[in-house]
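Shown next, in structure tokens, is the structure this report addresses.
The values are calculated or read from the model by the stated rules, or taken from the named source; none is laboratory data. Predicted model only: the values in this text are computed from it and were never measured. No Cβ is skipped: glycine too gets one built from the backbone with ideal geometry, and neighbour counts run over all protein chains shown.
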Amino acid sequence: MALREKTVILVTHQVEFLSQVDTILVMEGGKITQSGNYDNLLTSGTAFEKLVSAHEEAITELEQSNEIKTHTEESQDFYVAKNESEEEISTEGQLEAQLTQEEEKEKGDVVWKTFWDYISFSKVSFMLCWIILAQSAFVALQTASMFWLALAIEVPKLTSATLIGVDSLISFASVAFVCLKSLFGAHLGIKASTAFFPSSRLLSSMLLCCSLTRLLILSRASADLSILNFDIPYSITFVVSVAIDIVVTIYIMVLVTWPVLIVAIPAMVASKYVQGYYQASSRELMRINGTTKAPVMNFAAETSLGVVTVRAFNMAERFFKNYLKLVDTDATLFFHSNVAMEWLVLRIEALQNLTVITSALLLILVPQGYVTSGSQIFWTRWYCNLLNYIISVERIKQFIHLPAEPPAIVQDHRPPSSWPSKGRIDLHALEIRYRPNAPLVLKGITCTFKEGSRVGVVGRTGNGKSTLISALFRLVEPAKGYILIDGINICSMGLKDLRMKLSIIPQEPTLFRGSIRTNSDDDIWKALEKCQLKDTISRLPKLLDSSAEYWSSCRKNSSSNISRQQY
């Protein structure tokens, strides 16, 4: 009502509101091409009429699509179906042009090269040898302890003090070797994680953030790296320990009575066959399960960012069901992996019990507490777990040879300390593509931004506005052409020299938890004055110690400019 008697200029591309205005100015190519009221322009058969018709058709198709999705159960799988069928419905050319890459997984057997890569790349062969030696010494001492106690029965002249003293020394030595084995196992995990994820991985090309989702990278740096830190070293230690124990057990059984090999050897061959049969399924389940975690986290993160929109369109239940489907897909693979492991254990137990029964029938005298019937089961279980865990090495290896960013400083091409003194930007036949096989985003742009001027870059979504800014910061390198700032080619200098001289104000304001003082330095008041917040902060009771976490969105947009790069 207050604007009824005033002139209002509405700049919009939402054509559904244009029927309510008095006069419409249609702009194209920076010029006014048409003017008039809504009805006249709509019947003139010009570009405006085509624009309105296209908008109405899009709205009609959207309503029909929403109606179908509302009344069909399959529609609630739109997010899952998109992820599962994207590769099937895309042509080869579309996949080449696609910026965001799908998560890849290996196929086939876990080759021994993967184990060798883990050992050689981490340089842990020395520690692995010490683990084997420590476990061998522990088993030897355990065997010596049993023989010592058996000898004490046959030699009655040994005193109790001698018997207990020698046995205690053997026990303390065994504990020492167990501690050494655990210590070397822990260091093995630390060295492996450090080798597979050094600080240089953080210096990879920024294009990685465009071609891969954040949560896919997080999955590699959290779940897979955690397996390298803990699970693989523990599994290696356990497999080596039980393997040595089994070898010693078989050796003792052969010394007592060799006919047990008649049953033991076929049982071991059958165990190997069953293990290979299980591993073929379990390996692929683990690989697929590795690709189902990122969609769960990605869907949750995207939904939380748009939760206001989801609630506004009354789609909360629909999104919740889609989230449960993603969680169920991930949990189903994990459940099937556990079921497959129990299938394996059941059959290995049957073969092992057959060997034990045969030993009993042959009246083998087994030392109490030494030759146990569960060693083979434990070894098979942990060996298969190790083969599954080593898949994380495959996944992390995909990130090892990432293209690195150009050097931070190029000594031979350092700009003057006063650069840029004017701020003139010249683009010469600039072409940008995100990948070698992707189409051009910027196609031969040649223009000049004069010094001291404010330039607005306008265009539809996907026309390359953000790409142009990315090219100025060299987040994306030019395919052809070059960019000059004050006459210096920015591609010839180091990234640090370039990016320290440029500033950017992000579209979305971001405030960190804590007080204002923790987000700034001694020049805070100057920064607040430039952001027109000095008077506001001065009226607060705690001044610079006031919390910035719960400010209104208006203040956030102003205070988001408080950063070292923006004043």
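How many residues are farther than 12 Å from LEU484 by Cα and among the aromatic types (Phe, Trp, Tyr) when one looks only at the stretch 420-451?
Qualifying residue count, the stretch 420-451: 1.
Here is a list of conditions, (1) within 27 Å of the chain's Cα centre (by Cα); (2) exposed (fewer than 14 other Cβ atoms within 10 Å of the Cβ); (3) at pLDDT below 85, and LEU333 meets all of them except one; can you say which number that is?
Result: LEU333 passes all but (2).
Which residue, of LEU324, LEU346, is modelled with pLDDT of 80 or more, in a helix (DSSP H, G or I) and over 31 Å from the mean Cα position of the chain (by Cα)?
Working: LEU324 fails: over 31 Å from the mean Cα position of the chain (by Cα).
None of the others qualify; the one that does is LEU346.
Going by the conditions given, is ARG395 touching a residue at least 40 places away in the same chain (Cβ under 8 Å) and either within 34 Å of the chain's Cα centre (by Cα) or surrounded by 17 or more Cβ atoms within 10 Å (Cβ to Cβ) (or both)? Reasoning before the result, please.
Working: touching a residue at least 40 places away in the same chain (Cβ under 8 Å): yes; either within 34 Å of the chain's Cα centre (by Cα) or surrounded by 17 or more Cβ atoms within 10 Å (Cβ to Cβ) (or both): yes.
Answer is yes for this residue.
Just to check your reading of the model, which residue among VAL260, VAL296 is at pLDDT below 85, more than 18 Å from TYR383 (Cβ to Cβ) and in contact with a Phe, Trp or Tyr (Cβ under 8 Å, 6 or more places away or on another chain)?
On the way: VAL260 fails: in contact with a Phe, Trp or Tyr (Cβ under 8 Å, 6 or more places away or on another chain).
When all the criteria are applied, what remains is VAL296.
Please return the ranges of helices (runs of 4 or more DSSP H) entirely within the stretch 455-537 where 1 or more residues are modelled with pLDDT of 75 or more, under 29 Å from the mean Cα position of the chain (by Cα) and over 26 Å from PRO439 (Cβ atoms). Full working, then the answer.
Values: elements: 465-472, 495-499, 524-530.
Per the criteria, 495-499.
Among the residues in the stretch 421-431, are any surrounded by 15 or more Cβ atoms within 10 Å (Cβ to Cβ) and either among the basic types (Lys, Arg) or closer than 30 Å to PHE121 by Cβ (or both)?
Yes; the residues of the stretch 421-431 include at least one that is surrounded by 15 or more Cβ atoms within 10 Å (Cβ to Cβ) and either among the basic types (Lys, Arg) or closer than 30 Å to PHE121 by Cβ (or both).
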